[in-house]
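Peer 1: Here it is, the structure, as structure tokens.
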Amino acid sequence: MADEWQEQLKQFVNTIDRLKNFINLTPEEEGVLSSTQTTWGTTPYFASLMDRDDPTCPIRRQVIPSTLEQQNCYGMDDYLVWKENRATEEARPDSIARQYTDRVAFTVTQTCGIYCRHCFRKELVVDGDLKLDFNVDEGLAWIAEHPEVRDVLITGGDPFLLSDDQLEYLIRKLRELSHIEMIRFGTRLPIVLPQRITSGLKKVLGEYHRVPIWINTQCNHPKEMTEETAKGIFELLSCGVNVGNQAVLLKGINDDVETFRELHQKLLRIRIRPYYVFYCEPAPGIDHFRTPVEKGAELIRDALRGHTTGLAQPMHVIATNIGKIPLMPDHYILGNDEQNYYLRNHKGEETFIPNIPE
Ligand SMILES: *Cc1c(COP(=O)(O)O)cnc(C)c1O
Ligand code: SF4
């Protein structure tokens, strides 16, 4: 018998009929779904978390395409080519995206367990306009020839949709390279398909090894976390794999103080460490999800820093072609003179400490 996670993929919710088992579609939703060419859908497990009647449900909005995707005022053309430095001099296989000297992103698949409406890789993953070749052995050969790369971030698509054997091969090959110090996976499956965390997967990821494995998942709203997610995360941690979160700041989904705080507190309750909050990137067709640039920093100031557990604080970053740029709230430092450094806390109270000369 196939594993439950494979069963979930066979029942992938990507037709109107299947979706109707979970929700009552509005006429607008049904209109878009019956006319769209885009790839959409998710697992039955994740679909079951949708609100049956509310089209503004944060899970519904991440899964069901909207007419707003046709509007595009701010999205940049050929966004991924710009963002992933694909037009640069250095010869690299399609699977390798590079912005830094010591680490690369290694794309191993284009398939996902959810086709997020806000995906910045939409051209590739969702709409398929950008055609790239993800030959794993070519990527591995390139990495083998680049001893300055010490950290490989395996991404997609969703790399955990590869079979246990394929993952085992990737990890084994990377660990054979003496310059590789760590392997990271970016995967949404702990959120959209926690059933993927099987004993087989644990065997592939687990055990003590010189080269550790770190995971970052993507969870954008407290509703996305269930008892099943919590257990899956515990299983990953118990085999030695750390799990962080990279949320995307999404207008109308998680950009209010209460939801933003609840998201980060709940992540910690299920043992996920908040890592990044991404500004919703200027990729085409996702204007309706995008907030003002400084919103993430404001939310950290108003919802998290000082207001709750310090661990509940991700770094707010803007992902660009030259790397991730942190944009954090800076209103805590009021200024300084020769004598003092003037500081302010989350409640607006002020204090100072002596300013020490160089
Ligand atoms: C995000 C990213 C990384 C990893 O960045 P960290 O800040 O180290 O998490 C590496 N390479 C590329 C191309 C990326 O987009
Ligand atoms: S899981 Fe990641 S790559 Fe896949 S559609 Fe969502 S954001 Fe894009």
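The values are calculated or read from the model by the stated rules, or taken from the named source; none is laboratory data. Note that the structure is a prediction, hence the values are computed from the model and not measured. Cβ: placed from backbone, ideal geometry, glycine included. Neighbour counts: every protein chain shown. Note: areas computed on protein heavy atoms with side chains; ligands, DNA, RNA excluded. Shrake-Rupley method; radii C 1.70, N 1.55, O 1.52, S 1.80 Å.
Peer 1: Looking at 240, 244, 232, which one is under 29 Å from residue 82 (Cβ atoms) and either in the same structural domain as residue 161 (by TED's automatic domain parsing) or not in a helix (DSSP H, G or I) (or both)? Let's see the steps before the verdict.
Peer 2: Numbers: 240 fails: under 29 Å from residue 82 (Cβ atoms); 232 fails: under 29 Å from residue 82 (Cβ atoms).
From the options 240, 244, 232, the qualifying one is 244.
Peer 1: Could you say which residue among 33, 9, 19 is touching a strand residue (DSSP E or B) at 6+ places or on another chain (Cβ under 7 Å), of a type outside the set (Ser, Thr, Tyr) and either assigned to a loop (DSSP other than H, G, I, E, B) or modelled with pLDDT of 95 or more (or both)? Steps first, please.
Peer 2: Details: 33 fails: touching a strand residue (DSSP E or B) at 6+ places or on another chain (Cβ under 7 Å); 9 fails: touching a strand residue (DSSP E or B) at 6+ places or on another chain (Cβ under 7 Å).
When all the criteria are applied, what remains is 19.
Peer 1: What are the residues in segment 251-263 that are closer than 14 Å to residue 62 by Cβ, open to solvent by less than 10 Å² (accessible area, probe 1.4 Å) and either part of a helix (DSSP H, G or I) or touching a Cys at 6+ places or on another chain (Cβ under 6 Å) (or both), if any? Please lay out each step first, then the result.
Peer 2: So in segment 251-263, the residues closer than 14 Å to residue 62 by Cβ come out as 251-255, 259, 263.
Checking which are open to solvent by less than 10 Å² (accessible area, probe 1.4 Å) leaves us with 253-254, 263.
Scanning segment 251-263 gives a single hit, 263.
Peer 1: I'm told residue 45 meets every condition in (1) under 16 Å from the mean Cα position of the chain (by Cα); (2) outside any loop (DSSP other than H, G, I, E, B); (3) more than 21 Å from residue 280 (Cα to Cα); (4) more than 16 Å from ligand 1 (Cβ to nearest atom) except one. Can you identify the failing condition by its number?
Peer 2: Exception for residue 45: condition (1).
Peer 1: If I ask for residues that are surrounded by 22 or more Cβ atoms within 10 Å (Cβ to Cβ) and away from ligand 2 (no atom under 13 Å from the Cβ), which ones from segment 117-139 would you list?
Peer 2: Across segment 117-139, the qualifying residue is only 139.
Peer 1: Which one of these is open to solvent by less than 70 Å² (accessible area, probe 1.4 Å), within 13 Å of ligand 1 (Cβ to nearest atom) and either over 19 Å from the mean Cα position of the chain (by Cα) or under 29 Å from residue 5 (Cα atoms) (or both): 114, 96?
Peer 2: Details: 114 fails: within 13 Å of ligand 1 (Cβ to nearest atom).
After applying the criteria, what remains is 96.
Peer 1: Can you tell me which residue among 90, 181, 145, 176 is modelled with pLDDT of 95 or more, of a type in the set (D, E, K, R) and touching a strand residue (DSSP E or B) at 6+ places or on another chain (Cβ under 9 Å)?
Peer 2: Values: 90 fails: modelled with pLDDT of 95 or more; 145 fails: touching a strand residue (DSSP E or B) at 6+ places or on another chain (Cβ under 9 Å); 176 fails: touching a strand residue (DSSP E or B) at 6+ places or on another chain (Cβ under 9 Å).
Just one listed residue meets the conditions, 181.
Conditions (1) more than 16 Å from ligand 1 (Cβ to nearest atom); (2) over 18 Å from the mean Cα position of the chain (by Cα), marked per residue:
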site: 163; (1), (2): yes, yes
site: 170; (1), (2): yes, yes
site: 173; (1), (2): yes, yes
site: 177; (1), (2): yes, yes
site: 180; (1), (2): no, yes
site: 183; (1), (2): no, no
site: 186; (1), (2): no, no
site: 189; (1), (2): yes, no
site: 196; (1), (2): yes, no
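Peer 1: Residue pairs, Cβ under 7 Å, 6 or more apart or interchain, first in segment 165-191 and β-branched (Val, Ile, Thr), second part of a helix (DSSP H, G or I) and within 16 Å of ligand 2 (Cβ to nearest atom). List them.
Peer 2: So the pair list comes out as 187/159; 187/160; 191/224; 191/229.
Peer 1: Report yes if residue 105 is at pLDDT 95 or above, away from ligand 1 (no atom under 16 Å from the Cβ) and among the small types (Gly, Ala, Ser), otherwise no. Even if it seems obvious, please write down each step before you answer.
Peer 2: Numbers: at pLDDT 95 or above: yes; away from ligand 1 (no atom under 16 Å from the Cβ): no; among the small types (Gly, Ala, Ser): yes.
In short, no.
Peer 1: Go over the candidates 165, 158, 78 one by one and state the one that is closer than 23 Å to residue 215 by Cα and surrounded by fewer than 16 Cβ atoms within 10 Å (Cβ to Cβ). Spell out how you get there, then give the answer.
Peer 2: Details: 158 fails: surrounded by fewer than 16 Cβ atoms within 10 Å (Cβ to Cβ); 78 fails: closer than 23 Å to residue 215 by Cα.
So the residue among 165, 158, 78 that is closer than 23 Å to residue 215 by Cα and surrounded by fewer than 16 Cβ atoms within 10 Å (Cβ to Cβ) is 165.
Peer 1: Please determine whether any residue of segment 296-319 is surrounded by 14 or more Cβ atoms within 10 Å (Cβ to Cβ), at pLDDT 95 or above and among the acidic types (Asp, Glu).
Peer 2: Within segment 296-319, one or more residues are surrounded by 14 or more Cβ atoms within 10 Å (Cβ to Cβ), at pLDDT 95 or above and among the acidic types (Asp, Glu).
Peer 1: Now a separate question. Give me a count of the residues in segment 75-90 that are assigned to a loop (DSSP other than H, G, I, E, B), within 19 Å of residue 154 (Cα to Cα) and out of contact with any helix residue (DSSP H, G or I) (no Cβ under 9 Å at 6 or more places or on another chain).
Peer 2: Just the residues of segment 75-90 that are assigned to a loop (DSSP other than H, G, I, E, B), to begin with: 75-78, 84-90.
Applying the additional criterion that residues be within 19 Å of residue 154 (Cα to Cα) yields 84-86.
Next, from what is left, pick out any that are out of contact with any helix residue (DSSP H, G or I) (no Cβ under 9 Å at 6 or more places or on another chain): 84-85.
So the answer is 2.
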